[in-house]
1. Would you tell me the accessible area of E8, worked out with a 1.4 angstrom probe on the heavy atoms of the protein chains, in Å² to the nearest 10?
2. Which residues make up the longest stretch of the chain clear of trypsin sites (Lys or Arg not before Pro) that lie in a DSSP loop with no more than 11 other Cβ atoms within 10 Å, not counting the sites?
3. How much accessible area per residue does the chain have, counting only protein heavy atoms and a probe of 1.4 Å, in square angstrom?
4. Count charges around T23 for me, please; just the other residues with Cβ under 12 Å from its Cβ, Lys/Arg as +1, Asp/Glu as -1.
5. Near the amide H of T201, under 5 Å away, which other amide H atoms are found, from residues 5 or more places off or on another chain, if H is placed in the peptide plane?
6. When mean projected area of the Cα convex hull in nm² is calculated directly from the model, which label among [x] 16.2; [y] 12.9; [z] 11.0 fits?
7. What do you get for chymotrypsin sites (Phe, Trp or Tyr not before Pro) in region 9-61 restricted to DSSP loop and a cutoff of at most 15 other Cβ within 10 Å of the site's Cβ?
8. Starting from the Cα of A189, step 7 Å toward the Cβ, then list every residue of region 126-159 with an amide N under 16 Å from that point.
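The values are calculated or read from the model by the stated rules, or taken from the named source; none is laboratory data. Just so it is clear, the structure is predicted and the values come from calculations on it, not from any experiment. Positions of Cβ are generated from backbone atoms using ideal geometry, with glycine treated the same way; all protein chains shown enter the neighbour counts. Please note that ligands, DNA and RNA were not included when accessible areas were found on the heavy atoms of the full protein model with its side chains. Shrake-Rupley method; radii C 1.70, N 1.55, O 1.52, S 1.80 Å.
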Amino acid sequence: AHKGDTVESMAYDGGQLDDFVRTIERVVRRGQVPRAILLSGGGNDVAGDWFGMLLNHRNSPVGGLNAGVVDGVLAQRVRVAYTTILAAITATCERLLGAPLPILVHGYDHPVPDGRGVLGGWGFLPGPWLAPGFLQKGYDDLGERVALARELIERFNAMLAAVVAMPAFRHVTLIDLRGALSTDLAGDAYRRWWANELHPTREGFVKVAGMFDARL
């Protein structure tokens with residue numbers, strides 16, 4: 001995918017999925033069979049400028065996540081994009097190799113929406129992705145933001161688990177990253193693992209990479 005793309009864009013825009021299918025074809029023509037294929041996406045579908053749309057205002061009678069909007073984004077838009085990509089990859093492998101290759105997908109760990117972007121998120125640097133939406137909807141308390149972000153990530157992982165459970169995708173494995181990195185706010189302990197709102201530190205990346213390596 002192009003950096004920063006949504007999984008919806010990966011599935012439908014700019015011929016990205018067609019390009020990936022052609023990449024698989026080139027690899028197989030060279031006589032190489034990949035051990036597995038990694039599909040990573042979905043974070044950009046919920047984080048960023050439109051994140052506030054997932055929230056009801058804190059001072060409203062229905063404060064918290066907007067269940068209808070979250071369901072529309074995750075259970076419909078992101079889920080359909082994932083199944084579209086997985087089906088295309090599966091069909092390509094079956095056509096070329098006679099059987100599907102293992103595919104790894106992953107959810108996300110519970111983030112800490114503390115307003116930090118890449119290197120602080122100043123100027124042209126990316127981020128923050130979550131805190132602005134929370135502040136727009138009246139959520140000033142970091143602990144409250146952490147709890148809501150956790151709920152969102154739980155729903156994201158549940159959506160992916162439902163996709164992987166489909167009979168057509170028995171060869172797809174979900175790597176559960178929840179709990180890999182700390183969300184301990186005491187003494188800013190979480191910062192050992194989180195470089196910013198969405199991305200781990202080097203130590204955090206090494207730990208997460210080990211979880212992928214174990215599955216491979």
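1. Counting only protein heavy atoms, the figure is 70 Å².
2. On the way: sites that count: K3, R30, R35, R170.
Longest run free of exposed loop sites: 36-169.
3. Numbers: 11140 Å² over 216 residues.
Accessible surface, normalised per residue, equals 52 Å².
4. On the way: positive: R22, R26, R29, R30; negative: D18, D19, E25.
Taking every Cβ under 12 Å from that of T23, the sum is +1.
5. Amide H to amide H, under 5 Å and 5 or more residues apart or across chains, T201 pairs with W194, A195.
6. [y]
7. On the way: sites: Y12, F20, W50, F51; in loops: W50.
Within region 9-61, the qualifying chymotrypsin sites (Phe, Trp or Tyr not before Pro) (loop, at most 15 other Cβ atoms within 10 Å) are W50.
8. Zone members listed by number: 143.
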